[in-house]
Amino acid sequence: MSLLTQVLHLIGSGATAYITARNLRDRQTRPDMLAGFQLAESGSVPFLEALRDRATREGNTWLAEKLNTHAQDEQRHGQIFAHALKQLDKQAINLKNVPEQTKDGKPDERRRSPFFAAYFDGYGKDDLHPEQIDWTVFFASTYILELDACKDFMRMANALPDTDRASANLKQGLISIAQDEQRHAAYLREAMERQLPYAEVELLVDQWRTRKVNAMMAMVSNLLQKGEKLPSMAQDGVPTELSAETITEAGTETSPSQLAA
């Protein structure tokens, strides 16, 4: 990784940490943050389960078991965020009701964020389909996301106060999620090392780190242009468990790129 990439990684990580921590502490913006996390975590489950089934067919029982645990963890993470929303009398929006484009003809960011469009730049939808995605692409891209998510969730947990029950419960949930993300990153790293020599693993990780830095800078720039206003992902009402149909709808747009979230 070049010196410039390292510097941009530090700058982008700092900016992201500041924005996410502030929005999570603020009761006005917290619901949209939580709903976005819920949809991303739950939406990745069908993708991971499809990869698990593929690994089973290919005879890779070790990977199939890891992917099965990963899918179960993501489902639990979605429930943690749904519970946090419930304590605020909120629920996540149904992505089936979100249009493909906004009124001015631009893609609706609630379906596919600029971050993931940049992160997977050059890859088509078919390239990221669970039956076709190159295993090394999945391993490396998701490893970077999981590794960073572990740190991000810990920062968010540390930013929350212990002065009210909802914040205290969310803090504990975020710490638990961070621990899971660290475990996911570890198995993804091992999966790469089982397939590739060390030097190739390092090169692959550097390539996806560079992609992450570029995508993160694009995301921060987009947020600043909009006055740091988050897409509306929550609505009033007591949340219920996402139906399989809703999860699948979310997963078709986000799961190839939001497996860590």
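The values are calculated or read from the model by the stated rules, or taken from the named source; none is laboratory data. None of these values were measured; they are calculated from a predicted model. Glycine gets a Cβ as well: all are built from the backbone with ideal geometry, and neighbour counts include every protein chain shown. All accessible areas refer to the heavy atoms of the entire protein, side chains included, with ligands and DNA or RNA removed. Shrake-Rupley method; radii C 1.70, N 1.55, O 1.52, S 1.80 Å.
Counting only protein heavy atoms and using a 1.4 Å probe, the accessible area of Thr210 comes to about 50 Å².
Among the listed pairs Lys86/Lys212; Lys90/Lys171; Lys66/Lys171, those whose Cα-Cα separation exceeds 23 Å are Lys86/Lys212; Lys66/Lys171.
Computed about the Cα centre, the dipole magnitude for the stretch 125-204 is approximately 420 debye when only Lys and Arg (+1) and Asp and Glu (-1) carry charge, each at its Cβ.
Sort Met219, Met233 by heavy-atom solvent-accessible area, probe 1.4 angstrom, most to least. Walk me through the numbers before you get to the answer.
Working: Met219 55, Met233 20 Å².
My answer, sorted largest first, is Met219, Met233.
Loop-located trypsin sites (Lys or Arg not before Pro) in the stretch 25-61 (DSSP state other than H, G, I, E, B) with a sparse environment of at most 15 neighbouring Cβ atoms within 10 Å: Arg27. In the neighborhood of Leu160, defined by Cβ-to-Cβ distances under 15 Å, what is the net charge if each Lys or Arg adds +1 and each Asp or Glu adds -1? Local net charge: +3. In the complete set of protein chains, residue-level accessible area for Asp127 is approximately 70 Å², probe 1.4 angstrom.
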